[in-house]
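What follows is a set of notes on a single structure, which appears directly below.
The values are calculated or read from the model by the stated rules, or taken from the named source; none is laboratory data. In this text the structure is predicted, and so the values were computed from the model without any measurement. Ideal geometry is used to build each Cβ from the backbone, glycine not excepted, and the neighbour counts take in all protein chains shown.
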Amino acid sequence: MSSDARSASPTAARGLDPVLPRKARILVLGSFPGVASLAAGQYYAHPRNHFWPVMAALLDEPLPSLPYAERLDRIARRGVALWDTIVACERTGSSDQAIRNAVRAEVARVRRASPYIEVVAFNGHTAARALPRWRDAGYATVALPSTSPAYTRPLDEKLAAWRALEPWLGARGAAIPARR
């Protein structure tokens, strides 16, 4: 077998650990981390991904300029959790279309770790395929445009759609009160 044929074979991959702050009210679910995110061990690590600029605008925080751990702390304080709808799969490259043999995220794990989540936001079309399962589990749901650089819409257009999350975002620096 040539090295080209081997490199084209799907490889098994595990996703990133979830970021599930106890008092979170919003869960953002992507599909599965891209190669850059898996290599860095960080959500939305590709430099052209719009996730951190979108969240920075929504939260009025300088997220893209902060170290990753501080980014996670800032969004956690504002009630945002992160994970993916797929926690393991086989895939070649970063394309969602190349995902095979997907293992899905567990709703029960989220409910145990972050019992105050009210809304699940799906980052892109592939992630939104899981929307019925989360809606049927009792969560409000919203499908949002992908922040991926593969989805080439302008940042301001993506941000306008992501503003749908504003009702669930806590005030800057404020603790998130439980709504239940």
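Entry remark, the range 96-110: residues being surrounded by 15 or more Cβ atoms within 10 Å (Cβ to Cβ) and out of contact with any Ser or Thr (no Cβ under 6 Å at 6 or more places or on another chain) number 4 in total. Can you work out which of the residues in the range 13-37 that are under 13 Å from THR92 (Cα atoms) and either surrounded by 21 or more Cβ atoms within 10 Å (Cβ to Cβ) or without any contact (Cβ under 8 Å) to a residue 12 or more places away in the chain (or both) is farthest from the chain's Cα centre (by Cα)? Per the stated criteria, the residue is GLY34. With a requirement of 2 or more residues that are aromatic (Phe, Trp, Tyr) and either surrounded by 19 or more Cβ atoms within 10 Å (Cβ to Cβ) or at pLDDT 95 or above (or both), none of the helices (runs of 4 or more DSSP H) lying completely within the range 121-178 satisfies it. Condition (residue is part of a loop (DSSP other than H, G, I, E, B) and at pLDDT below 95) applied to the range 65-75: is it met by at least one residue? Within the range 65-75, not a single residue is part of a loop (DSSP other than H, G, I, E, B) and at pLDDT below 95. Residue selection: ARG112 satisfies the criterion of being within 20 Å of ASP17 (Cβ to Cβ), assigned to a helix (DSSP H, G or I), free of Cβ contacts under 8 Å to residues at least 40 places away in the same chain and more than 15 Å from the chain's Cα centre (by Cα).
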